[in-house]
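The values are calculated or read from the model by the stated rules, or taken from the named source; none is laboratory data. Just so it is clear, the model here is predicted, and its values are computed rather than measured. Positions of Cβ are generated from backbone atoms using ideal geometry, with glycine treated the same way; all protein chains shown enter the neighbour counts. SASA here: full protein model, heavy atoms, side chains in, ligands and nucleic acids out. Shrake-Rupley method; radii C 1.70, N 1.55, O 1.52, S 1.80 Å.
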Amino acid sequence: MFMTTNKFENYAIGKTESAIDAFIVTPHDTVDFAEQARALYVGVSGDIVLITPKNTSVPLVNVVAGSILPISFIRINATGTEATNLVGLV
């Protein structure tokens, strides 16, 4: 299993267990979340720009409402993100 080597090192990338907690996502261009999320729930459709634990910016275009995206992330950028009612799954 590959482990992250940053401040989120307690979470393995690619874990298959279900989420044990969740938090409301407030997009921000520079402030990372307090904890790494393992998936993203999208409440209202739109574009999303997320930042992975390796600081890779990933633009996701026209994500459909009700989607759960199984990708680890540490931040959702405000710039370029139009989707709303986002929930991080931990």
Zone reached by a paramagnetic label modelled 7 Å from HIS28 Cα along Cα→Cβ, restricted to segment 38-67 with backbone N below 20 Å, covers 38-41, 48-58
The local net charge around ILE51, scoring Lys/Arg +1 and Asp/Glu -1 for residues other than ILE51 whose Cβ lies under 10 Å from its Cβ, equals 0
Compute the signed sum of charges (Lys and Arg +1, Asp and Glu -1) over the other residues within less than 13 Å, Cβ to Cβ, of THR81. -2
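Kindly report the accessible area of segment 28-85 per residue (heavy atoms of protein chains, probe 1.4 Å, no ligands, DNA or RNA), in Å². Could the numbers behind the result be given before it?
Values: 2900 Å² over 58 residues.
Per residue, segment 28-85 has an accessible area of 50 Å².
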